[in-house]
Amino acid sequence: MHFWKELFSPSDAIGAAQTLIWFNFMLGLTPFRLRTGDGGQQRTLHISQLGYLNTLLQVIFFMYCFIHSLAEQASIVGYFFKSEISQIGDTLQKFIGLLGMLTLFGISLSECRVIISLCNTIVAVDRRFHNLGVTFNYQYIMKLTHLKMFLMITLNVSYMSSCFWMLFHNDIWPTFQAMITFFMPHVFLLSVVVLFSTFLFRLQQHFGLINKVLKKLAHQWDNSIVKPMPKQRSLQCLDSFSMYTIVTNNPCEIIQESMEIHHMICDAASTANKYFTYQLLTIISIAFLLIVFDAYYVLEILLGKSAHEGKFKTAEFVTFFSCQMILYVIAIVSIVEGSNRAIQKSEKTSGIVHSLLNKAKNAELKEKLQQFSLQLLHLKIHFTAAGLFNIDRTLYFTISGALTTYLIILLQFSNSNVPEHPFPPMEENDTTPIRSLVSNLTIGG
């Protein structure tokens, strides 16, 4: 009974994310499960032996499909486009798909305790916010998580359904192993993107709440509301996901509590970066490679430089590769925008703290705010892909420049391989050149 209650009306952060946890558990990406304590009051995460077994089975199954499709030279791309570059791109896609799957599963097995620690930190931050009078609406948070999962599943199902229809409609029946090798990495990579974006949303929400608490304190100072009163119960709605009420009028306590909460949020962001850093590198690398080759295939056909498999119409060909390209563009945008919003929320805190510092008259308040200012100076959140590059909006410019460069190289390479015809091709049953030759010989004789 408690399970169904938490499923529709969660009471904590873990309950709000339980559907996402179960979904990734079935995929083998989060080998831990929820455990409810005595009385159903406390819910914790614990590593599951069944989860480890599920992850290992997923790895073995995908390895089998990959080796089988490689040995049989089964390729989904080969049905649409056959050239030297397409063969290289298809082989690369298979190998990076395998590498990506092994990376995702390897991280889920080796760093399982890290993501559990991240979940526990978020739960602890939510509890500390109660000291500032913030109560979260976990039902809305769960609905937002469900919406992200629904969009991810809808994108995958729509893409795979359209691809299957195009293949079967043209009487092409790929092997089961080839379909798993081609389509399954999309599902797993996008699932990790949804998991990452969910954690980013909670971090963004926490930073936003810290800012609003401090802004409320500044507003009280501007209006001379702060007085030595024991309690004040003025309920205000901060957003759709939380409610705020001032439970103390001691500004030093509010600032001290905000400092401690801010430190915990930065620890959570650092833990998230530690867990997802190699996964993000894998996803962005795969997305970039697939976008390059998909864009090349589409441009080759639209520019009329290559011929594709005769069974497919040009619209079907363009739709197949464009949909895959759009799928990974959405993945990159989700990662970058989620990271960028969280970073922007965290950067706004320093301006609010310095605004309070300029208004503070009390020496104790100034000391607390100066400590907070130093903390903000030394604790800055950032997200990187294995430390190779930062994940922010500058990544758009980097990817665009690299994409343009590689597309020009591929198009030039394909042009250099076009055979030159010094003489016009002779149509079948065309005897005009032969007649001319005979006529010349007759005249010469």
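Read-outs throughout are calculated quantities, based only on the coordinates presented, and are distinct from any laboratory measurement. These numbers were taken from a predicted model, which means no experiment stands behind them. Ideal geometry is used to build each Cβ from the backbone, glycine not excepted, and the neighbour counts take in all protein chains shown.
Determine, from the Cβ-Cβ distance of GLU364 and TRP22 and an R0 of 60 Å, the FRET efficiency 1/(1 + (r/R0)^6), rounded to the nearest 0.05. Spell out each step's value before the answer.
Values: r = 48 Å, r/R0 = 0.81.
Once rounded, the FRET efficiency stands at 0.80.
Non-local amide H neighbours of PHE136 (under 5 Å, H modeled in plane, Pro and chain starts lacking H): which ones?
Residues meeting the criterion, in which the H sits 1.01 Å from N, are MET243.
Set the bar at 32 Å for Cα to Cα. Now go through LYS148/LYS380; LYS94/LYS345; LYS148/LYS345; LYS148/LYS366; LYS143/LYS368; LYS148/LYS215 and name every pair that lies beyond it.
Details: LYS148/LYS380 27 Å; LYS94/LYS345 39 Å; LYS148/LYS345 21 Å; LYS148/LYS366 43 Å; LYS143/LYS368 38 Å; LYS148/LYS215 30 Å.
From LYS148/LYS380; LYS94/LYS345; LYS148/LYS345; LYS148/LYS366; LYS143/LYS368; LYS148/LYS215, over 32 Å: LYS94/LYS345; LYS148/LYS366; LYS143/LYS368.
Packing-wise, with mean Cβ within 10 Å as the measure, how do 353-361, 400-408 rank, highest first?
Working: 353-361: 15.4, 400-408: 12.6.
So the order, starting with the most tightly packed, is 353-361, 400-408.
Relative to the present Cα-Cα distance, how much length would full extension add between HIS146 and SER161 at 0.36 nm per residue of separation? If you can, show how the numbers build up before the last one.
Working: separation 15, 0.36 × 15 = 5.40 nm, distance 2.17 nm.
Once the chain is fully extended between HIS146 and SER161, it gains 3.2 nm.
How long is the gain from ARG33 to LEU303 if the chain were fully straight, where each residue apart is worth 0.36 nm and the alpha carbon distance is subtracted? Could you put the intermediate results ahead of the total?
Working: separation 270, 0.36 × 270 = 97.20 nm, distance 5.21 nm.
Between ARG33 and LEU303, full extension yields 92.0 nm more.
Would you mind giving the average projected area, over all directions, of the Cα convex hull of segment 76-416 in nm² with one decimal?
On the way: hull surface 79.9 nm².
Taking a quarter of the hull surface, the average projection is 20.0 nm².
Grab the other residues whose beta carbon is less than 15 angstrom from that of ILE399, score K and R as +1, D and E as -1, and report the net. Don't jump to the answer; show the numbers that get you there.
Details: positive: ARG393; negative: ASP294, GLU337, ASP392.
Result for the neighbourhood of ILE399: -2.
Could you give the length gained by full extension between ASP222 and ARG393, i.e. 0.36 nm per residue of separation minus their alpha carbon distance, to one decimal place? Show your work: numbers first, answer last.
Details: separation 171, 0.36 × 171 = 61.56 nm, distance 3.59 nm.
The ASP222-ARG393 span can extend by a further 58.0 nm.
Can you work out the FRET efficiency for the pair GLN344 and PHE413, with r the C-beta to C-beta distance and R0 = 45 Å, to the nearest 0.05? Walk me through the intermediate numbers first.
Working: r = 41 Å, r/R0 = 0.91.
With a Förster radius of 45 Å, E is 0.65.
Distance in nm between label sites at ASP171 and PHE95, each 7 Å beyond Cα in the beta-carbon direction?
The two pseudo-label positions are separated by 3.6 nm.
Give me, ordered by chain and number, the residues 5 or more places off PHE383 or on other chains with an amide H under 5 Å from its own placed amide H.
Those qualifying (amide H under 5 Å, at least 5 residues apart or on another chain) are ILE391.
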